[in-house]
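Here the structure is laid out as structure tokens; the discussion comes afterwards.
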Amino acid sequence: MHLEPPPGVYRLSLNENLFLPKELVASVTRRALEEVDPRLYTDAYGEGLAERLAEFHGVDAREVVVGPGADYVIYLLASLGRGSGVIIVEPTFEEYERAARLFGAPVTRVLLGEDFSLIPDRVKRASGRVVYMASPNNPTGNQYDKAAVEEVVGSVNGVVVVDEAYAEYGRYTLVQEAPSSDNLVVVRTFSKAWGLAGLRVGYAVANAGLARELRERGRVFATSALSLKAAELMLDHWREVRRAVEEAKLVRSWLIGELARIAKPYRSDANFVMVRLPLGSGKAREELLKRGFAVKDVGAKPLCENCIRVTVAPRQISEKFLEALREVVQRSAQ
Ligand SMILES: Cc1ncc(COP(=O)(O)O)c(C=O)c1O
């Protein structure tokens, strides 16, 4: 699967950070390359980065598990559900299901409410050793009510994975609560707000015992030395990252307002917006692509009929996108 968009197409389908200047991440990566000796294996489990992340979040390095992308950590977690199964709160990110399948873990699906809220009782009634939820959720965009997430964590026996890939765009994080919890694992990534999707770095924060178990289930030297170093150096640029996040949030509110004139956008605590259209989402995706915009068709997911998901892009690009969407929607009504 080659993901480079065709020339002239804006890729608004993968929720990358289009606000962070490319020069910044490129210069950080160049510096990382200078500091790394590629002949050598580096930290077996990304210990150097784990230490920097621990400082950044105010937790202990033993509570941080680093890997090549959040996806890697998601897969490690699925291995815990091998015998007893996993619970997936849907509609959500596809990778939980694929991870469960890889480890032969039976899957129980639990549906969000009609307004995409988390309903703790539905999760409590299901059985499985690992519960996966994304908050802010992909593709719906909303961050769950904190008390509802805590209720799930406090009342199920299994490990509760809260995937916070988009937390920088949200209203709160549970990172600081994970170390003192028996069963909460928070997953984070450098792919979204931090702008390093192509370098593949993600991590989990959990209590030290659970973190050790996860680390031991993983591969040694899994994350490239270059990626580990670049992620470490990026942490020194939190101010720029935060500025880019704030800018994206401003464009997000404006974009939602504009989308509301054309279709039905949903509230978002992430760097993308889900919109329900008055036409089939597959057709809309196709028509938008012809006009130079790649979006994600999420219409096949439960509760998401006729919905597409679009990355919040800088204002000029978003304006062009709105123009294209307006045309697609108007034509469908003729
Ligand atoms: C909810 C969620 N978790 C994890 C990921 C993947 O993160 P990574 O690039 O770190 O593997 C994504 C990517 O789209 C995502 O939407």
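Provide a single number: the residues in region 294-331 that are in a helix (DSSP H, G or I) and either of a type in the set (S, T, N, Q) or under 13 Å from residue 15 (Cα atoms) (or both). Working first, answer last.
At the first step, the residues of region 294-331 found to be in a helix (DSSP H, G or I) are 315-331.
From what's left, either of a type in the set (S, T, N, Q) or under 13 Å from residue 15 (Cα atoms) (or both): 316, 318, 330.
Qualifying residue count for the region: 3.
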(request) Please enumerate the residues belonging to region 228-272 that are exposed (fewer than 15 other Cβ atoms within 10 Å of the Cβ) and either in contact with a Gly (Cβ under 6 Å, 6 or more places away or on another chain) or under 30 Å from residue 41 (Cβ atoms) (or both). (result) 236, 238
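Counting just the residues of region 290-302 that are crowded, with 17+ Cβ neighbours inside 10 Å and in contact (Cβ under 8 Å) with a residue 40 or more places away in the chain, which one comes out farthest from residue 95 (Cα to Cα)? Working first, answer last.
Step one: filter region 290-302 for residues crowded, with 17+ Cβ neighbours inside 10 Å, giving 293-299, 301.
The next check asks that each one be in contact (Cβ under 8 Å) with a residue 40 or more places away in the chain; those that pass are 293-296, 298, 301.
On the way: 293: 24, 294: 20, 295: 18, 296: 15, 298: 14, 301: 13 Å.
Among those residues, the one meeting the criterion is 293.
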(request) Give me the pairs, please: first residue somewhere in region 14-30 and closer than 18 Å to residue 200 by Cβ and polar (S, T, N, Q), second residue anywhere and within 14 Å of the ligand (Cβ to nearest atom) and in a helix (DSSP H, G or I), beta-carbon distance under 6 Å, and either six or more positions apart or on two chains. (result) 29/230
(message) Pairs needed: first member in region 143-158, over 21 Å from residue 105 (Cα atoms); second member anywhere, modelled with pLDDT of 95 or more and part of a helix (DSSP H, G or I); C-beta distance under 6 Å; at least 6 residues apart or different chains.
(response) 148/120; 151/120; 155/124
(message) Of everything in region 70-102, what is over 16 Å from the mean Cα position of the chain (by Cα) and among the small types (Gly, Ala, Ser)? Give them in sequence order.
(response) 78, 79, 81, 83, 84, 85, 100
(request) Please specify each residue of region 31-90 satisfying the condition of being under 16 Å from residue 230 (Cα atoms) and polar (S, T, N, Q). (result) 42
(message) One residue is enough: does region 212-226 have a residue meeting the conditions under 27 Å from residue 10 (Cβ atoms) and crowded, with 18+ Cβ neighbours inside 10 Å?
(response) no
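Looking at residue 102, is it more than 13 Å from the ligand (Cβ to nearest atom), buried (at least 18 other Cβ atoms within 10 Å of the Cβ) and at pLDDT below 95? Outline the logic, then answer.
On the way: more than 13 Å from the ligand (Cβ to nearest atom): yes; buried (at least 18 other Cβ atoms within 10 Å of the Cβ): no; at pLDDT below 95: yes.
Criteria not met by residue 102.
Could you run through region 107-116 and say how many residues are more than 18 Å from residue 170 (Cα to Cα) and within 16 Å of the ligand (Cβ to nearest atom)?
So the first thing to find is which residues in region 107-116 are more than 18 Å from residue 170 (Cα to Cα), and the list is 107-114.
So of that shortlist, the ones also within 16 Å of the ligand (Cβ to nearest atom) come out as 112.
Adding up the residues that qualify gives 1.
The values are calculated or read from the model by the stated rules, or taken from the named source; none is laboratory data. Just so we're clear, the structure is a prediction, and the values are computed from it rather than from any experiment. In this analysis, Cβ positions are derived from the backbone assuming ideal geometry, glycine residues included, and neighbour counts consider all displayed protein chains.
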